[in-house]
Amino acid sequence: MKIMVGGTFDPLHDGHRLLIRRAFDLATPEGMVIIGLTCDSFANLKVHPIHPYEDRRRDLVAFITSLNPCTKWEIEELHDQYGSTLNADFDALVVSEETFPVGQSINQKRRERGKSCVEIHMIRCVLAEDGRWISSTRIWRGEIDTHGKIISKSDEKE
């Protein structure tokens, strides 16, 4: 299967790691995974600071390499929330609960263009220790680390 997944991935946290692992699991060794990574101008629309594209790409490549995947993969630069998903031939899209509406929008736009809809595989967002979603915003605010561990005020002083 050819699978697509996308995001800003900054900082790369356990929710992102689950999303990417799921894409590789679905693709199987015979398949292909396309990871869309937002370009700097699109990523900088976020409410928190974003590391440069090349830094985020390096971290993403390091994580994927650590998985030692048999599946072929590539990273595609995203200039909007759709990337090549509106016209590309692929089988499935992996999204989180948070980005599920984007997946639905992709299928709607594909229908409008006469393209077939793709399967949408939604993963549950990974929860931090406090039971709330792990998110890049929460990490940037200093509430949690990339694994969802609560950062206490005493941790910051050390």
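The values are calculated or read from the model by the stated rules, or taken from the named source; none is laboratory data. Note that the structure is predicted; figures quoted are calculated from it, not measured. As a convention, Cβ positions derive from the backbone with ideal geometry for all residues, glycine included, and neighbour counts pool all protein chains shown.
Taking the range 22-34 only, how many residues are in a helix (DSSP H, G or I) and in contact (Cβ under 8 Å) with a residue 40 or more places away in the chain?
Total satisfying the criteria: 5.
Can you tell which of Glu97, Glu158 is out of contact with any Gly (no Cβ under 9 Å at 6 or more places or on another chain), acidic (Asp, Glu), at pLDDT below 95 and surrounded by 12 or more Cβ atoms within 10 Å (Cβ to Cβ)?
Glu97
Every residue in the range 105-123 that is touching a helix residue (DSSP H, G or I) at 6+ places or on another chain (Cβ under 9 Å) and either within 11 Å of Val95 (Cβ to Cβ) or surrounded by 14 or more Cβ atoms within 10 Å (Cβ to Cβ) (or both), please.
Answer for the range 105-123, where residues must be touching a helix residue (DSSP H, G or I) at 6+ places or on another chain (Cβ under 9 Å) and either within 11 Å of Val95 (Cβ to Cβ) or surrounded by 14 or more Cβ atoms within 10 Å (Cβ to Cβ) (or both): Lys115, Val118, Glu119, Ile120, His121, Met122, Ile123.
Out of all the residues in the range 45-69, which are hydrophobic (A, V, I, L, M, F, W, C) and within 15 Å of His16 (Cβ to Cβ)?
Ile50, Leu60, Val61, Ala62, Phe63, Ile64, Leu67
Only one residue in Leu12, Leu19, Leu37 is modelled with pLDDT of 95 or more and assigned to a helix (DSSP H, G or I). Which one?
Step by step, each of Leu12, Leu19, Leu37 is checked, and only Leu19 is modelled with pLDDT of 95 or more and assigned to a helix (DSSP H, G or I).
Evaluate the range 129-139: report whether one residue or more is surrounded by 18 or more Cβ atoms within 10 Å (Cβ to Cβ), of a type in the set (A, V, I, L, M, F, W, C), touching a strand residue (DSSP E or B) at 6+ places or on another chain (Cβ under 6 Å) and within 25 Å of Glu76 (Cα to Cα).
No.
For the range 40-54, name all the residues that are in a helix (DSSP H, G or I) and either closer than 22 Å to Ile123 by Cα or in contact (Cβ under 8 Å) with a residue 12 or more places away in the chain (or both).
Asp40, Ser41, Phe42, Ala43, Tyr53
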